[in-house]
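Please read the structure below before turning to the comments.
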Amino acid sequence: MSANKGAAVSALDFHRTTYADAAMLSDWAMLPVDQWPDEWFTYNEKSFPRLERVQLQVPEAPPSGLGREWLARRASSRTALDQMSLAALSQVLWYTTHSDPPEEYAPGSWHRPYPSAGGRLGCEFYVIARTVEGLAPGVYSYGTARHELHRLRPAATEPMLRFVFGDGWVTKTCALLVITLSMDRLETKYGERGYRYGLIEAGAASQTVSLVAGAASIGSCVLGGFADVPLGQLLFCTPESEVPVATIAFSLIEEER
Ligand SMILES: Cc1cc2nc3c(=O)[nH]c(=O)nc-3n(C[C@H](O)[C@H](O)[C@H](O)COP(=O)(O)O)c2cc1C
């Protein structure tokens, strides 16, 4: 049964009407923090003054299980990382996309360490490598089933990256991971509602990337600030069927927070 309720615009139309371009990125980046409007700092937490309240105790320490290190390193860091190794990149890609230990993994398994609506696996992963020791600079598509990188383009130059990501530290860091959505895979089951599920999946996958990177002592910053059209072109995405929705820049982890 279709979840579409006679939508006025399609999911892709909505996606396109919210494109950013290089000019918008530079506008956002150029406005100094002391000139940000008050609304950008306002956080209105919902409150229920007339309802009964249960006061929760602030915990003394995070739970001591496996996720403890991850919790401590959750936050964004925004300092360019000069270099990362191919082994570290490989770890991040594997543990973001494989739930089974390598020896038990069967190609085609759809279980991943992030949720995916209906197991439709809407996310595709790309790597823009600048300075990854052991890997030629370039733009790569990640093949999850065989755990391999396919080189789509030689190095993305700094002017090219500035055009896509603006002028800051992002263009100087060692590598970026881009998540796109395969609209076909999502819409086959869910129609245009599949786009919503894709965004949720991409958010969860981004968090998994950050957590695995953090466990490998690599910082990260999730980026929504990119120029949509040139990024899609850089990755050879067919605009009708595959759209970039998130980028994770690898960065220098900040130990003291
Ligand atoms: C959807 C989304 C888009 C974001 N885009 C950017 C971005 O383009 N540039 C950036 O520096 N940070 C970006 N961030 C990171 C947020 O700015 C950051 O998480 C927030 O300021 C809180 O800081 P913290 O993560 O260090 O606690 C983005 C985060 C999300 C969830």
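Each reported figure results from applying straightforward, stated rules to the coordinates on display, with no laboratory input. This one's a predicted model, so the numbers in the text were calculated from it and none came from an experiment. We place every Cβ from the backbone using ideal geometry, glycine too, and count neighbours over all the protein chains shown.
Brief remarks on what is shown
- Normalised per residue, the volume of the convex hull around the Cα set of region 157-257 (Å³): 105
- Neighbour-count ranking [beta-carbon atoms within 10 angstrom, fewest first] of LEU181, LEU93: LEU93, LEU181
- Across region 80-94, rounded Karplus estimates of 3J(HN,Hα) from the backbone phi angles (6.51 cos²θ - 1.76 cosθ + 1.60, θ = phi - 60°) give 4, 9, 4, 8, 10, 8, 5, 4, 5, 4, 4, 4, 4, 5, 5 Hz, Gly and Pro being marked x.
- Stokes-Einstein D in µm²/s, Kirkwood radius over Cα pairs - region 102-199 at 4 °C with 1.567 mPa s viscosity: 85
- Whole-number percent relative contact order across the chain, with pairs defined as alpha carbons under 8 Å at least 6 apart: 27
- Residue (of TYR197, LEU86, ILE218) at the positive-pole extreme of the chain, dipole from beta-carbon charges: TYR197
- Residues ILE253, ILE218 arranged by fewest to most Cβ contacts within 10 Å: ILE253, ILE218
- Note, ³J(HN,Hα) from phi for region 113-118, Karplus 6.51, -1.76, 1.60, rounded to Hz, x at Gly and Pro: x, 8, x, 9, 4, x
- Extent along principal axes [Cα atoms of region 1-137; Å; largest to smallest]: 56, 48, 46
- Assuming charge only on the beta carbon of Lys and Arg (+1) and of Asp and Glu (-1), the dipole of the chain about its Cα centre is about 460 debye to the nearest 20.
- Under the Karplus curve 6.51 cos²θ - 1.76 cosθ + 1.60, θ = phi - 60°, whole-Hz ³J(HN,Hα) for region 29-41, x wherever Gly or Pro sits: 6, 7, 6, x, 4, 6, 9, 5, x, 3, 4, 6, 9
- Cβ-based exposure ranking for HIS15, HIS111, in which fewest neighbours within 10 Å come first: HIS111, HIS15
- Total formal charge among the other residues, if their Cβ is under 12 angstrom from that of GLY108, Lys/Arg +1 and Asp/Glu -1: 0
- Diffusion constant of the chain at 20 °C, which comes from Stokes-Einstein with the Kirkwood Cα-pair radius and 1.002 mPa s, µm²/s: 107
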